[in-house]
1. In segment 66-82, what residues are open to solvent by 40 Å² or more (accessible area, probe 1.4 Å) and among the polar types (S, T, N, Q)?
2. For the structure I just gave you, tell me whether SER85 is surrounded by 14 or more Cβ atoms within 10 Å (Cβ to Cβ), over 24 Å from ALA167 (Cα atoms) and polar (S, T, N, Q).
3. Sort out which residues of segment 94-118 are more than 14 Å from TYR133 (Cβ to Cβ) and assigned to a loop (DSSP other than H, G, I, E, B), and write them in order of number.
Amino acid sequence: HVHAAPFLQHDAVHADRLRDAQQRADVLRVFEQVEHQQKGPLVPAARRVERVFQRAVRVAAHAQGDALVIGVLLFTSLGIGFVISLISRSDSQAVQYTMLVLLISVFFSGFLMNLNYFIEPVRSLSWGIPTTYGISLLRDIALRGSFPNLTLVGILAVSGLALYIIAWLILRRSIASR
C-alpha cells in the first residue's frame, strides 16, 4: 500500500493537467463560437480579453530576460558610481561628474535617438557606454520578444567587473597614500 502512493500522486498530477487543458479548450471554444457568430458587442470584448491574455503570457515569458538585463545593468551602474565617488575630491565635483555621465548616457546610448543616426566615430564610441547595451537588450526583449543576447549581457557584465576592479585599485592607492 505504501508503494502505491507515488503512483496515486502521479495520477493526481495528470488529472490536474487534464482538467487545466480541458478548461483552456473550453475557453478557446467560447472564443471560436463568439467569433463565428459575429453578432453583438461580445465579439470585440472577447477579442480584447484574448489580446490581454496573450500579452500577459508574453510578459510572464520575458520576465526572466528583463530581470537578467536589469540586474547586470544595475551591477555595472554601481561600478560607475563607485569610480565617480572615488575620483571626486568633493561632493559638488561628484555631482558634476554624475551629471556628465547622465547626459552622455541619455544622448549617446540610443535612448532618445537611434544609433544609426550618428556618424560612425560617435556610433562606435556610444558602444563604450554601458547604457547602450542595456537599452539595446531591453528593446529586443520588449519589441522583438526575444531572450536577451547573451554576448551583449556578457560584455555588460565584464565592463561592470572592470569598473569594480578600477574602483578597487583607486581605493587601494588612496589608502596606501595616507
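The values are calculated or read from the model by the stated rules, or taken from the named source; none is laboratory data. Since the model is a prediction, treat every value here as computed from it, not as a measurement. Cβ sites come from the backbone with ideal geometry, for glycine too, and all protein chains shown count toward neighbours. Ligands, DNA and RNA are excluded from the accessible area calculation, which covers all protein heavy atoms including side chains. Shrake-Rupley method; radii C 1.70, N 1.55, O 1.52, S 1.80 Å.
1. SER77
2. Here the answer is no, as SER85 does not meet what is asked.
3. LEU112, MET113, ASN114, PHE118
This table checks each residue for (1) hydroxyl-bearing (Ser, Thr, Tyr); (2) open to solvent by 60 Å² or more (accessible area, probe 1.4 Å).
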site	(1), (2)
VAL122	no, no
SER126	yes, no
TYR133	yes, no
LEU138	no, no
ALA142	no, yes
PRO148	no, no
LEU161	no, yes
ILE165	no, yes
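So that you can scan it fast, the table gives a plain yes or no per residue for (1) in contact with a Ser or Thr (Cβ under 9 Å, 6 or more places away or on another chain); (2) at pLDDT below 95:
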{"residue": "LEU68", "(1), (2)": "no, yes"}
{"residue": "PHE75", "(1), (2)": "no, no"}
{"residue": "GLY79", "(1), (2)": "yes, no"}
{"residue": "VAL83", "(1), (2)": "no, no"}
{"residue": "ARG89", "(1), (2)": "no, yes"}
{"residue": "LEU102", "(1), (2)": "no, yes"}
{"residue": "GLY110", "(1), (2)": "yes, yes"}
{"residue": "MET113", "(1), (2)": "no, yes"}
